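Before any comments, here is the structure.
The values are calculated or read from the model by the stated rules, or taken from the named source; none is laboratory data. Note that this is a predicted model, so its numbers are computed, not measured. Note that each Cβ is placed from the backbone with ideal geometry, even for glycine, and that neighbours are counted across all protein chains shown. Surface accessibility is based on the protein's heavy atoms, side chains included, excluding ligands, DNA and RNA. Shrake-Rupley method; radii C 1.70, N 1.55, O 1.52, S 1.80 Å.
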Amino acid sequence: PITPGELLCLGSSLAFSGLFYYLYRRKAGVVARIQEAPKLQVDDDLPALVSAAEGRCLPYVALEGIVLPAQAALTSHYHEGLQGVIQKLLLKEHRLIWNSLARSW
């Protein structure tokens, strides 16, 4: 005989397994799209290609080429000889609205 507690544990285990599998499949699709991204060279043709794209945006591309840092290149603390640059820093500030009912922002 199966007790109600065992059924509850089995049902919750199946529900969590289904949820995690769904999340895994979604992320696996995104990873597959990134791995299949077209490789473009950083050259004079790139601005024309971006402006011709739908919405002036290329969703997933791998850019290959030499970039120069504006000041100094960032060096990795964990891998010697690995350097990088920051292309764009975006700061998004969310507007807070006072909720008089809950008396909180």
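Quick notes on this one:
- Solvent-accessible area of the chain (1.4 angstrom probe, protein heavy atoms only): carbon and sulfur portion equals 60 percent.
- Accessible area (Å², per residue) of the chain, counting only protein heavy atoms and a probe of 1.4 Å: 100 Å²
- The longest part of the chain holding none of the exposed loop GluC sites (Glu not before Pro), meaning those outside H, G, I, E and B in DSSP with at most 11 other Cβ atoms within 10 Å, is 37-79.
- Amide H contacts under 5 Å for Leu63: Leu40, restricted to partners 5 or more places along the chain or on a different chain, H placed in the peptide plane at 1.01 Å from N.
- Over the chain: helical MRE at 222 nm, DSSP H runs n ≥ 4 each giving -39500 (n - 2.57), nearest 500: -12500 deg cm²/dmol
- Each Cα pair under 8 Å and six or more residues apart adds its sequence gap; the mean of these over the residue count of the chain is a relative contact order of 15 percent.
- Residue with peak Gaussian network fluctuation, the chain [Cα springs, cutoff 10 Å], from Tyr22, Tyr78, Tyr60: Tyr78
- If you model the chain as an ellipsoid using its alpha carbon gyration tensor, with each semi-axis the square root of five times an eigenvalue, the axes come out at 43, 26, 19 Å, biggest first.
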